[in-house]
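*Asks:* Below is the structure I would like to discuss, written out as structure tokens.
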There are 2 protein chains.
Amino acid sequence: MTRIAGIAEKVEKRTRIRTTEKDIENIISCLLKGREGSHFWEVVYLAQKPFNMVAETVGVLKEEGLVENSEDGMIRFTSAGQEFVKNEKIYPKRHYACPHCERRGLDLREFDDLIKRFENETEDRPKAILDYDQGYVTSRTVFGRIALMAERGDLEGKRLLVLGDDDLVSLAAGMSGLPEEVVVLEIDDRLVNYINKKAKELNLPVKAFKYDFRESLPEEFVGAFDTFTTDPPETIEALELVMKRGLASLKGEGCAGYFGLTKAESSMKKWNEFQRMLLNKFEVAITDIIEDFNHYVNWDYLLESIRDDYSFVQVEPRLNWYRSSMYRIETVSGFAGVDNKPQDCELYVDNEALIYKPVSLTK
Amino acid sequence: MTRIAGIAEKVEKRTRIRTTEKDIENIISCLLKGREGSHFWEVVYLAQKPFNMVAETVGVLKEEGLVENSEDGMIRFTSAGQEFVKNEKIYPKRHYACPHCERRGLDLREFDDLIKRFENETEDRPKAILDYDQGYVTSRTVFGRIALMAERGDLEGKRLLVLGDDDLVSLAAGMSGLPEEVVVLEIDDRLVNYINKKAKELNLPVKAFKYDFRESLPEEFVGAFDTFTTDPPETIEALELVMKRGLASLKGEGCAGYFGLTKAESSMKKWNEFQRMLLNKFEVAITDIIEDFNHYVNWDYLLESIRDDYSFVQVEPRLNWYRSSMYRIETVSGFAGVDNKPQDCELYVDNEALIYKPVSLTK
């Protein structure tokens, strides 16, 4: 067995996440990118691999004397490590994100003034809290979503359902003047009240209601929307349930759903499992998967909610490291709604989740 | 039935492509975008709907007196048509493509000199011909693919298989200095010879061989590559066969495949069918679907190869209208090669294809 295969095996054993030699190579290549060393969160961002896989890989590399880290959290290769990556022919990660559109492919200049207004109006927004696994996206992300939906004909003159809205997409959509109506279903009272208050103040066609997606979708919202958007928790069970609720809300064929899915909390195996579920259980096509579309503003509770056994992990991020790919799905012929029963499910924790629970407790 | 539903029904009957009211709305919204009227090819590009669906929609709108077209191919709404779209609340198509990256999300400045060199070196490239459904992409598209593969760790120091290469991705990859080795399998002798000649002249690690993908993949290429890239014909049978050959060439888990899929020749229903096939037959995840990534240079044989029953179709395109979405797939755990038998299949023609055959003959 090669040394890299050995590292992959150790990481897989500790994380219970399938880990290939290519995964290890990729993480090492991200560690090599910073000339003066790398910050853990930058590596997670660049690697687009599960958080725990990256943490354990750095952990194993450290145990094997290939990297070391200083107090400020910088991770550097030791001379043995430098020798190793040279022999293994691993190259520094390349990175070509478009500076104009932040890799979304969308020109947001038309929205510049609106983005400022949105930021001013929502300065007093509720803080992200751990109870509901919150963490909201940047304003440019919010308007990236608005632009994408508008461009695809899913917003202007349409009815939009927002399932969970700590991102305040509903208010942004309302402020754009494009949708006919926006409905928010949200579990957090603070957000329900905030969105309704703002919508009233600004005279927007936006209404928020308290809702836990483990309940059935209220009858009046079944088959009532052109478009849904959501940012689901990433256990397979939660993903399936959120898709069900979103799809149940759509009018029929040719409607669209938008949602984010990360690589930091979902392995390729989970992506595969999710996609298979999505296509086999529902009559939809995936029309877009745009990596790095959703940029999350760092949230206050990060370090207290995650593992504290590695010092290089317990450092404040220097960038908005948490990203997700934007999915768009479209209902195709044969689509005729989905079952709308109440259903319990594990929402937030599996062995790929960021929130720390010992692996043995997750199943 | 609404008038739009009636139009959808007529279009579906003529094209045998499932057509929804939303499809018709979308095509009308694209027709509305040009202030001075619209060119057919611009509408196909903007609508991202099957070519034949767009043609028949315009045809029906014309028969119903809602649009008319002048000799130069410009399609305009009649006053009855203007009234109609106003009543139906259909808005002009919005379009926010990033001007810096042409919607690929990638900053190609690092490749600017190389793109010029590539264009100079390949000025004498073989012309696209109808026999193999050819049509090559712009140089910026070629280097978009190089950048994407490089960024994802699928190119540098790796072995790349190019299945069909009228785009000359192999030469571009070789000129970038990144891959260890590039192999091209190509049916067109002109391209095999051209690529081998150029590779020798420029001293690139690129080799081309004649190959028809209906044959088994040659033994020495089975399980031999990190990455494959291809631009498949778009019948479901051809898509499946090309995926098989590409995947058979990969070393194992964590390897990647890249390919384009259009909306101009593939309906959402076909996308759905293709994705289901891909995920159910092979152990892969779809990691990216980037719309509008691949821009094709207009090819000489277009107008002679397509339907000639509509005058608004038989006009020279004013832009590179033919685009495709870039897919990236990654092999996941459990991937252990695929069957490699010879297999015949219909390559180019179904009722969504651009190349014209009467619908009754296609099945």
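*Asks:* Name every cysteine in chain A that ends up alone, with no second cysteine's Cβ under 4.7 Å, or say none.
*Replies:* A:Cys30, A:Cys255, A:Cys345
*Asks:* Roughly how many nanometres apart are two label points built 7 Å out from the Cα toward the Cβ at B:Lys341 and B:Glu88?
*Replies:* 4.8 nm
*Asks:* Can you compute the modelled spin-label distance between B:Arg109 and B:Ala97, with each label point 7 Å from Cα toward Cβ, in nm?
*Replies:* Result for the modelled spin labels: 2.2 nm.
*Asks:* Can you pull out the trypsin sites (Lys or Arg not before Pro) in segment B:1-66 that DSSP calls coil and that have at most 14 other Cβ atoms within 10 Å?
*Replies:* Counting only loop positions with at most 14 other Cβ atoms within 10 Å, the trypsin sites (Lys or Arg not before Pro) in segment B:1-66 are B:Arg35.
*Asks:* Once you have a ≥ b ≥ c as the square roots of the Cα gyration tensor eigenvalues for the protein assembly as shown, tell me rounded if a/c is under 1.5, and otherwise prolate or oblate according to whether a/b is larger than b/c.
*Replies:* Judged from the Cα gyration tensor, the protein assembly as shown comes out oblate (a/c at least 1.5, b/c at or above a/b).
*Asks:* Looking at chain B as a GNM with Cα springs under 10 Å, which of B:Lys93, B:Lys158, B:Lys281 has the largest mean-square fluctuation?
*Replies:* B:Lys281
*Asks:* Shifting gears a bit: Under 5 Å between amide H atoms, partner at least 5 residues away or on a different chain: which partners does B:Asn298 have, H built in plane at 1.01 Å?
*Replies:* none
*Asks:* Ok, one more. Exceeding 19 Å between C-alpha atoms, which entries from my cross-link table qualify? They are A:Lys158/B:Lys86; A:Lys62/A:Lys263; A:Lys281/B:Lys270; B:Lys33/B:Lys62.
*Replies:* Flagged as over cut-off: A:Lys62/A:Lys263.
*Asks:* Based on DSSP, what percent of beta bridges with both residues in chain B are antiparallel, to the nearest 5?
*Replies:* Counting only bridges with both partners in chain B, antiparallel ones make up about 50 percent.
*Asks:* Okay, moving on. Averaged over peptide B:263-273, how many Cβ atoms belonging to another chain are found within 10 Å of each residue's Cβ?
*Replies:* 4
*Asks:* Additional query: Using 1/(1 + (r/R0)^6) with R0 = 56 angstrom and r between the beta carbons of A:Ile129 and B:Arg190, what's the FRET efficiency to the nearest 0.05?
*Replies:* After rounding, the FRET efficiency stands at 0.30.
*Asks:* Compute the distance from the alpha-carbon center of segment A:220-273 to that of segment A:67-136, in whole Å.
*Replies:* If we compute the Cα centre of each part, the gap is 24 Å.
*Asks:* Return the calculated 222 nm mean residue ellipticity for the protein assembly as shown, to the nearest 500 deg cm²/dmol, obtained by summing -39500 (n - 2.57) across DSSP H runs with n ≥ 4 and dividing by the residue count.
*Replies:* Roughly -11000 deg cm²/dmol at 222 nm, from the helical runs in the protein assembly as shown.
*Asks:* What's the local net charge at B:Pro342, with K and R +1, D and E -1, over the other residues with C-beta under 15 Å away?
*Replies:* Here the charged neighbours net out to -3.
*Asks:* Same structure again: For segment A:204-216, just list the computed ³J(HN,Hα) in residue order, Karplus coefficients 6.51, -1.76 and 1.60, θ = phi - 60°, integers in Hz, with x standing in for Gly and Pro.
*Replies:* Taking θ as phi minus 60°, the curve returns 9, x, 10, 9, 10, 10, 6, 7, 10, 6, 6, 7, 4 Hz for segment A:204-216.
*Asks:* Ignoring ligands, DNA and RNA, how much accessible area is buried between chains A and B, both sides summed, with a 1.4 Å probe, to the nearest 100 Å²?
*Replies:* 5100 Å²
*Asks:* Carbon and sulfur together cover what percent of the accessible area of segment A:1-73 at a 1.4 Å probe radius?
*Replies:* Answer for segment A:1-73: carbon and sulfur cover 42 percent of the accessible area.
*Asks:* Additional query: Hey, rough spin-label estimate for B:Thr2 and A:Glu9, points 7 angstrom out along Cα→Cβ, what's it come to in nanometres?
*Replies:* 6.2 nm
*Asks:* Here's a follow-up. Using a Förster distance of 51 Å, how high is the FRET efficiency between B:Glu219 and B:Ala80, based on the Cβ-Cβ distance and rounded to 0.05?
*Replies:* Working from the Cβ atoms, E equals 0.20.
*Asks:* Would you tell me the mean number of C-beta atoms belonging to other protein chains that fall within 10 Å of each C-beta in A:55-62, as a whole number?
*Replies:* If you average over the peptide's residues, the count of other-chain Cβ atoms is 0.
The values are calculated or read from the model by the stated rules, or taken from the named source; none is laboratory data. Predicted model only: the values in this text are computed from it and were never measured. Every residue, glycine among them, receives a Cβ derived from its backbone with ideal geometry; neighbour counts consider all protein chains shown. Side chains are part of the model used for accessible areas, which takes the heavy atoms of the whole protein and leaves out ligands, DNA and RNA. Shrake-Rupley method; radii C 1.70, N 1.55, O 1.52, S 1.80 Å.
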